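Colleague: After the structure tokens below, expect a handful of questions from me.
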Amino acid sequence: MGNLSLKVMNMWYSFHIYGISPEEFLETMNRNRLDRKYFFINYIDYNGFHIRLRLFLQHAQEKREYQAALRERFPHCKVVEKIYDPEYNVYGDSLNVYEEYSAALSAYLVEHGRVDRMTMLLTVRKLLHVFDRADVRYLRFHVAWWEKGTGGHLISRIQASPQTGTGEHTLDRKLERLIDEFVVPGIPAMPETSKDRLCFQFIHMTLNKMNCTIAEEAAILKWFLKTKEENPNEISGSLLL
């Protein structure tokens, strides 16, 4: 009878894990898989770098159990429970699309480990196309956002070209299907006036999970802008470098 008093309230709970690198986090999660839906972001606050892990749980008792389990998984880290504040002001009615996509992407990254720069490029390319934002106007908006946020210093310091050799490159099929399944179906319901902002957020938070710095993100988008300005009709699904 005691269990009947546990009200089922499926919701996201947040735990901040301090004292671990992104690579160590992925390796630990890979060795000790969670049996609940989750996603994570990389973050820095006044206490330093940490992982913000969101767990989808049923009730407070389950939350306490998983908090203890996380402390066992990360014994040398500081694990702090925090209130999960859903970003309705950022994603609006697309919040659930972002959360479900984030959970699928997080599971992919835990399974595959840290991705390389080429995968970041190809993923951005895919997102630009599914949001129909692979154009000069949007790319200038995205680059200008970081230029504005850093007073122009960041953009002027980075190398715009990510070239690593020659050859044709395509996105990993599993990652491509993940975007097709979790992002594409939600796009038609997004207000046209919000798509620039939502495309920006989906790209930024995808790269964040891939441990891509803001400088690297700016460089990637600036490279796409340069490519688009030089080749306005370039729309192939592969990337030639």
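The values are calculated or read from the model by the stated rules, or taken from the named source; none is laboratory data. None of the values given here were measured: they were computed from a predicted structure. FYI the Cβ positions are ideal-geometry reconstructions off the backbone, even for glycines, and counts take in every protein chain you see. Just the protein is used for accessible areas: all its heavy atoms, side chains included, with ligands, DNA and RNA removed. Shrake-Rupley method; radii C 1.70, N 1.55, O 1.52, S 1.80 Å.
Colleague: Go through HIS50, HIS129, HIS169, HIS59 and list them by solvent-accessible area, largest first, probe radius 1.4 Å.
Modeller: Listed by decreasing accessible area, they come as HIS129, HIS169, HIS59, HIS50.
Colleague: Within segment 79-131, report the GluC sites (Glu not before Pro) that DSSP leaves as loop and that have at most 14 other Cβ atoms within 10 Å.
Modeller: When the GluC sites (Glu not before Pro) of segment 79-131 are filtered for loop state and at most 14 Cβ neighbours within 10 Å, GLU87 remain.
Colleague: Are there trypsin sites (Lys or Arg not before Pro) in segment 20-89 that DSSP puts in a loop and that have at most 16 other Cβ atoms within 10 Å, and which ones?
Modeller: Sites meeting the loop and neighbour criteria: ARG33, ARG36.
Colleague: Starting from the Cα-Cα distance between ILE83 and ASP132, subtract it from 0.36 nm times their residue separation and give me the gain in nm to one decimal.
Modeller: 14.2 nm
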